[in-house]
Amino acid sequence: MQDQRIGVAGSLESCDVLVMVILSAESRGMTLEIDSPSLASFGEEMKNTVMEIMETLGIPHAVIKVQDRGALDCTLRARTEAAAKRALAVPAGEKVSE
Amino acid sequence: MNRRRLRRTSLYIPGTNPGMLANAEVYGADSVILDLEDGVPVSEKDAARILVRNALQHIPYRRAEVTVRVNALSTPFGRDDFREIIPLAPDAVRLPKCESADDVREADAMMTEIELENGIEPGTVGIIAITESARGGRNLSEIAAESPRLIALNYGAEDYTADIGAVRTKEGRELDDIRAKVIVAARIAGVQALDSVFGDVNDLDGLYAEALRVRLLGFDGKSVIHPRQIPVVHRAFTPSDQEVGFARRVMAAFREASSRGAGVIALDGRMIDAPVVARAEKILALAEAAGCLPGER
């Protein structure tokens, strides 16, 4: 746990999404948890969006938790990018919530 | 960049609020301000910048003019704002804390550099300068004339009055000086003059009175902070029947005189010259925007 770098962005307000990105030396591949009212309809698209952002940022290993409150795809993109960049900005050995 | 488009209302949308960003146009403002500056706490500057960039990329804004209030280049956030926002070519950036022509020159140069890097025609993105200090007020003429990107002057009432040591009142006499400066500088430079916000969102009568007052002073529009303020300001910026009637007769007389090559135009025994024609055109444009111009113009 000491090597985790955590970035969080977004909120649980309507039309927003809260994204947590956890970077850890022990992580292998991507672990993605999505909690969304539209999971059945758009779960696959949401997963693809998150994966695309992580790939763009060059992050191959992470745990990502997504709590959706009806966000548009562009909001999910923005919140994922912000959370990931915040996690990347945390010096190794430290942890930041927001 | 449409220099002369209608800007009766400019609605502030916090860059932190995805719901409002998605619905920015729905409220009917002529211009929307996606705000990265005072509406965003320091801890959220990074996330707001990314959110607004994604909104510009993916939300199909069509009706309203889309502008972004960036942070001043003198702050730690300004350069990152420009780097993220200019490549998306919003209609304009709103440049806060404009103190001198140097601020406009620096922004203009950076915008040109980013536009060229991104294959955008230099000058595509306009600038609406916001002055918020005594120094900025003194330098408004230079600010307005510094760049062809400049499309309007605006001022921040709260910051300005705080800077000059005035007390904010409902009546607003403390703003007489800056309003006069903004109008004169804008007219000399041939750009629009935009009034500051009316802070009490529950006092719609007070808002109407102030909006009407600034229209009669010569302002082209007013910033608003709540959607409910939009129809009130639009009503204040809608010319009266008498104004519209006179403007129509001026334009008819102007057209008739032009068709026969007459140099001097008279209406009701009064000489109609270029300023009167220009005022009539502005009145009719406002009336048309308000949807109260049936029939011929």
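How would B:S100, B:S223 line up from fewest to most surrounding beta-carbon atoms within 10 angstrom? Intermediate values should be presented prior to the final figure.
Working: B:S100 17, B:S223 26.
The fewest-first ordering by Cβ neighbours comes to B:S100, B:S223.
Over the C-alpha trace of chain A, radius of gyration and Dmax come out as 12.6, 39 angstrom.
Compute the FRET efficiency between B:D38 and B:V184 as 1/(1 + (r/R0)^6), taking r as their Cβ-Cβ distance and R0 = 30 Å, and round to the nearest 0.05. Could you put the intermediate results ahead of the total?
Working: r = 27 Å, r/R0 = 0.88.
E between B:D38 and B:V184, to the nearest 0.05, is 0.70.
If the limit is 19 Å between Cα atoms, which of B:K45/B:K222; B:K170/B:K222; B:K45/B:K97 go over it? Violating the 19 Å Cα-Cα cut-off are B:K45/B:K222.
When chain B is treated as a GNM, springs tying every alpha-carbon pair under 10 Å, which of B:H58, B:H234, B:H226 comes out with the largest mean-square fluctuation? Evaluated over chain B, the most mobile residue of the options is B:H58. First measure r as the distance between the Cβ atoms of B:E288 and A:L88, then evaluate 1/(1 + (r/R0)^6) with R0 = 56 Å and state the FRET efficiency to the nearest 0.05. E(calc), rounded to 0.05, equals 0.60. The label-point distance for B:T169 and B:R135, in a model that sets each label 7 Å from Cα toward Cβ, rounds to 2.9 nm. Beta bridges from DSSP with both residues in chain B: antiparallel share about 10 percent, rounded to the nearest 5. Compute the distance in nm between two label points, each set 7 Å from the Cα along the Cα-to-Cβ direction, one at A:K47 and one at B:A89. That separation, rounded to one decimal, is 3.7 nm. Compute the whole-percent fraction of alpha carbon pairs in the protein assembly as shown spaced more than 37 Å apart. Summing the P(r) of the protein assembly as shown above 37 Å gives 32 percent of all pairs. The alpha-carbon of A:K65 sits under 19 angstrom from the alpha-carbons of these lysines, leaving out residues fewer than 8 places away in its chain: A:K47, A:K85, A:K95.
Helical content alone sets the calculated 222 nm signal of chain A at -12000 deg cm²/dmol, taking -39,500 (n - 2.57) per DSSP H segment of four or more residues and averaging over every residue. Of all DSSP beta bridges confined to the protein assembly as shown, the antiparallel ones make up roughly 30%. Taking every Cα-Cα distance in segment B:241-289 and sorting them into 5 Å bins starting at zero, the pair-distance distribution P(r) comes out as 5, 23, 33, 24, 11, 4, 1 percent.
First check a/c for segment B:166-207, with a ≥ b ≥ c the square roots of the eigenvalues of its C-alpha gyration tensor; if it is under 1.5, answer rounded, and if not, answer prolate when a/b is larger than b/c or oblate otherwise. Cα axes put segment B:166-207 in the oblate bin.
A Förster radius of 22 Å combined with the Cβ-Cβ distance from B:A274 to B:A145 puts the calculated FRET efficiency at roughly 0.50. When the alpha-carbon atoms of chain B are used, the pair Rg, Dmax equals 19.8, 66 angstrom. Approximating the spin labels as points 7 Å out from Cα along Cα→Cβ, the B:T75-to-B:E243 distance works out to 3.4 nm.
Every number in this text was worked out from the coordinates using simple rules, so none of it is lab data. Values in this document were obtained by computation on a predicted structure and should not be read as measured data. Note that each Cβ is placed from the backbone with ideal geometry, even for glycine, and that neighbours are counted across all protein chains shown.
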